[in-house]
Amino acid sequence: MPFKSYFQDLSRTSPLAATPRRRVRLGVIVWHLGWSAVTLAALLGLLFLPASPRVLGALVVAALPGVSSIFLLTRDGHRARQMLVWIWGLACLIAIGLTGGIFGPLAAWAAAPMAAAVALNQRRLILLGATLSVTTTLFAILLSLARLIDLPDLVESFWLSSLAVVTLVSGFGLALLPALRARTEMARGAEDDRARFLKILSEQPHLIVALGDDGRLISAHGEAPLGLDMPTLMKHGLIVCAHVPDRLGVMQAIDEARVNGRAETGFMPHAALEHYVRLSLRRGSDGRLYGVLADASLHHAREEALESARFEAENLNQGKSRFLASMSHELRTPLNAVIGFSDIMRQQLFGPLSEKYTEYAQLIWESGQHVLDLVNDVLDMSKIEAQRYDLSLETFDAREPVSGALRLIFTAAHDKGVAVRSVLPPTPVEVTADKRALKQMCLNLLSNAVKFTPRGGSVTLILSDAGADGIDVQITDTGIGIAAEDLQRLGKPYEQTGPMEQRVLGTGLGLSLVQALAGLHKGRMSLESELGKGTSVSLFLPIAAHSDQPELPLSPPVSPPVAPEAPVAVSPETPRPLEDRLYTPPDLSGSDFVIRPPKS
């Protein structure tokens, strides 16, 4: 930066806006120029005396370091300042040597490099200046012992000694001023930062605490959660502040945070059971535990309401499932009577009927069969949800129930104009499963395939032996297909897809029943489809027999887990919160506790 631009920049910058580094640099340059000015003034004064050339040369050399400081205006840095200290050491050594060494009048200037380093206000430079001062002193002693240069006369020695003492003392004093001012500004800045940080901590909406291993409070900052007894927290620690049933959970959270580095828990304050406090703990790098206490009363109340509603809904659903499962006989009995009597009438077993009555009987029989199929699906799903569906495991040829399902679907497919093809193994396929369930699964999949395949399309069933793992039933159709966004929800109870006129023909339980029955057999169902091209359903069932009832895929609702009561080791020096014994820690005072009451 040119000198003119530098001073223009200083003139545009107010003293209050100038940075501390700039002020220090300007003070350093003024200090050096003042040293040179005093030295050159002494040089002019000695010109009126019969001063020797060695004395004049010593003063000229002593003025050079001050003039050299001007380059700090354009190139200020650690290397530049280090070079300036070296110039001080060399110039003072020459000046002291020209005036007779350690016995000469300028011997006090041996400390000038350290004074210049103090003015530069850098710790490493001060160490370098002290080293150069000691080195200069040693060389001055050697020069005096060698007696290579004579001492100045008495008058010159008087003025030179006065100059050396005045410049060194005033130089040290003035050099300490910018350093002390910089240190003061740094300390004031640190205090401001600390005050600002404490302000942020104390004004944030949670209570940040530091805890000991036993839950006692070390420091706390922020807003106290509603309902938390602050005198008890300050006096007895965090554990005693919790409601008695919750204290064990708080102790376990402290132990977990100490071992694993983090823990989360919640508790009701013992003085305000209508409130709830959430505690998050973390282990710091210093081994202490740091936590955040936040008022979670509203959130906890919502969680409890949602949990209560969920359990109530699950209980209602279980009641519905149990009711439908127990009412299977009462629902099927009248339907079987309607279907049986209408079948007798449409076959005219007890005499001829008119054409109109025969048509009505046929419609009643078909409607009854449809309603019975729907009721059977609903009852089967209810039994599975109520865990009352028992598999009847037996060993049989898998081709039998598959062929039975094909025979039942042939008539409906023929009436709709859909071709049904099958590929079965030529040899028996022995499996251990529920024969009726296997037939029901194949029939449901074939019914869906025929229902969503337009006239002229085809449905193909392939039964293959998967070796020791099980069997695979694959049903492929050339129907309307399923959109990608609908694939995720299909398989859930009462979920349907396709046109509305086809949805009213079922309940949406076909695929969910297949998936549930496959799960009971420890099998699985996979579905692949492309809109406008068709659907392929693959059903895999294992062969191995199970001695007990397989696990249901639909898990019943369970009550919330209750934490087991484990013995907790409590040292005799720590409070025993489960016994409500009070423990009084040492008095806590100072700035480690900045707690404000909760805002309404």
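The values are calculated or read from the model by the stated rules, or taken from the named source; none is laboratory data. Values in this document were obtained by computation on a predicted structure and should not be read as measured data. Neighbour counts run over all protein chains shown; Cβ positions are idealised from the backbone, glycine included. Keep in mind that these areas ignore ligands, DNA and RNA; they rest on the heavy atoms of the full protein, side chains included. Shrake-Rupley method; radii C 1.70, N 1.55, O 1.52, S 1.80 Å.
Can Glu156 be described as charged (D, E, K, R) and either at pLDDT 85 or above or in contact with a Cys (Cβ under 9 Å, 6 or more places away or on another chain) (or both)? Step through it out loud before you land on a result.
Values: charged (D, E, K, R): yes; either at pLDDT 85 or above or in contact with a Cys (Cβ under 9 Å, 6 or more places away or on another chain) (or both): no.
It is false that Glu156 is charged (D, E, K, R) and either at pLDDT 85 or above or in contact with a Cys (Cβ under 9 Å, 6 or more places away or on another chain) (or both).
Determine whether Ile462 is under 23 Å from Leu513 (Cβ atoms), touching a strand residue (DSSP E or B) at 6+ places or on another chain (Cβ under 6 Å), surrounded by fewer than 19 Cβ atoms within 10 Å (Cβ to Cβ) and not aromatic (Phe, Trp, Tyr).
Against the criterion (under 23 Å from Leu513 (Cβ atoms), touching a strand residue (DSSP E or B) at 6+ places or on another chain (Cβ under 6 Å), surrounded by fewer than 19 Cβ atoms within 10 Å (Cβ to Cβ) and not aromatic (Phe, Trp, Tyr)), Ile462 qualifies.
Among the residues of the range 222-232, which ones are open to solvent by less than 20 Å² (accessible area, probe 1.4 Å) and assigned to a strand (DSSP E or B)?
Gly222
Return the total of residues in the range 341-353 being modelled with pLDDT of 85 or more, more than 20 Å from Ala412 (Cβ to Cβ) and either open to solvent by less than 70 Å² (accessible area, probe 1.4 Å) or touching a Gly at 6+ places or on another chain (Cβ under 7 Å) (or both).
1
When you look at His236, is it at pLDDT below 90 and in contact with a strand residue (DSSP E or B) (Cβ under 8 Å, 6 or more places away or on another chain), yes or no?
no
Residues being touching a residue at least 40 places away in the same chain (Cβ under 8 Å) and farther than 30 Å from Asp229 by Cα: count how many of those fall in the range 187-208.
Number satisfying all stated conditions: 0.
Note down all Cβ pairs under 6 Å where the first residue falls in the range 507-527 and is farther than 12 Å from Leu438 by Cα and crowded, with 18+ Cβ neighbours inside 10 Å, the second is small (Gly, Ala, Ser) and modelled with pLDDT under 85, and they're at least six residues apart or on different chains.
Leu511/Gly491; Ser512/Gly491
Is at least one residue of the range 128-144 surrounded by 22 or more Cβ atoms within 10 Å (Cβ to Cβ) and either at pLDDT below 85 or in a loop (DSSP other than H, G, I, E, B) (or both)?
No, the range 128-144 contains no residue that is surrounded by 22 or more Cβ atoms within 10 Å (Cβ to Cβ) and either at pLDDT below 85 or in a loop (DSSP other than H, G, I, E, B) (or both).
Among the numbered conditions (1) over 30 Å from Ala466 (Cα atoms); (2) at pLDDT 85 or above, tell me where Ser422 comes up short.
(1)
What about Phe311, is it at negative phi and free of Cβ contacts under 8 Å to residues at least 12 places away in the same chain?
On the way: at negative phi: yes; free of Cβ contacts under 8 Å to residues at least 12 places away in the same chain: no.
The answer is no for Phe311.
Can you work out which of the residues in the range 74-112 that are closer than 30 Å to Leu154 by Cβ and either of a type in the set (Ser, Thr, Tyr) or touching a Cys at 6+ places or on another chain (Cβ under 6 Å) (or both) is surrounded by the fewest Cβ atoms within 10 Å (Cβ to Cβ)?
Ala112
With the requirement that a residue be open to solvent by 20 Å² or more (accessible area, probe 1.4 Å) and assigned to a helix (DSSP H, G or I), what does the range 233-250 give you?
Met234, Lys235, Val244, Pro245, Asp246, Leu248, Gly249
Checking the structure you have, find out if any residue of the range 26-35 is out of contact with any strand residue (DSSP E or B) (no Cβ under 8 Å at 6 or more places or on another chain), modelled with pLDDT under 80 and assigned to a helix (DSSP H, G or I).
yes
Looking only at the range 150-169, which residues are open to solvent by less than 60 Å² (accessible area, probe 1.4 Å) and touching a residue at least 40 places away in the same chain (Cβ under 8 Å)?
Of everything in the range 150-169, those that are open to solvent by less than 60 Å² (accessible area, probe 1.4 Å) and touching a residue at least 40 places away in the same chain (Cβ under 8 Å) turn out to be Pro152, Glu156, Ser157, Leu160, Ser161, Leu163, Ala164, Thr167, Leu168.
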